[in-house]
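What follows is calculated from the coordinates using simple rules that are stated; it is not laboratory data. Here the structure is a predicted model, which is why all the values come from computation and not from measurement. Here the Cβ positions follow ideal geometry from the backbone for every residue, glycine too, while neighbour counts run over all protein chains shown.
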Amino acid sequence: MRRVSLAIIALLAATAARADAPGGFTDCEKAATADEKAICGHVELAQQDARMVTMFKIAKGFVGMGARGAINDAQVAWLAKRHACKAAVPCLQTTYGTRIRELQKVLDDVKARGPF
């Protein structure tokens, strides 16, 4: 269990380090995993990646600390799901669609009730 947790933390750290890269979390010049390579080789996935990253950053900026932690935790879980897709484009599309809808709910809630 500890190995899995460390692997997820390492994946998140590597991803966070690339969060400002053009195109989002996936730095295509450094793409190493099957999911990253698939994203870089597929325009629609690259666009979904950029959209998701933008929504993730905006959502984190508009919620309180507790909700921010929940968003980060959900992002770690989502990254593991994305990575499990490997190079399967339909799986990656579904995974991105799910995460984008989750983040849209957060943004809609902020819009309806205000930040914090």
Efficiency of FRET between LYS86 and ARG51 - r from beta-carbon atoms, R0 25 angstrom, step 0.05: 0.70
Hull shadow area, averaged, the stretch 62-115 [alpha-carbon convex hull, nm²]: 3.6
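Taking 0.36 nm per intervening residue step and subtracting the Cα-Cα distance, what contour gain separates HIS42 from ASP73 on full extension? Each step should come with its number before you reach the end.
Values: separation 31, 0.36 × 31 = 11.16 nm, distance 2.69 nm.
That pair, HIS42 and ASP73, stretches by 8.5 nm at full extension.
So for each of 60-68, 101-109 I average, over its residues, the number of other beta carbons within 10 Å; can you give me the resulting order with the highest mean first?
Working: 60-68: 13.1, 101-109: 14.7.
In decreasing order of mean packing, 60-68, 101-109 become 101-109, 60-68.
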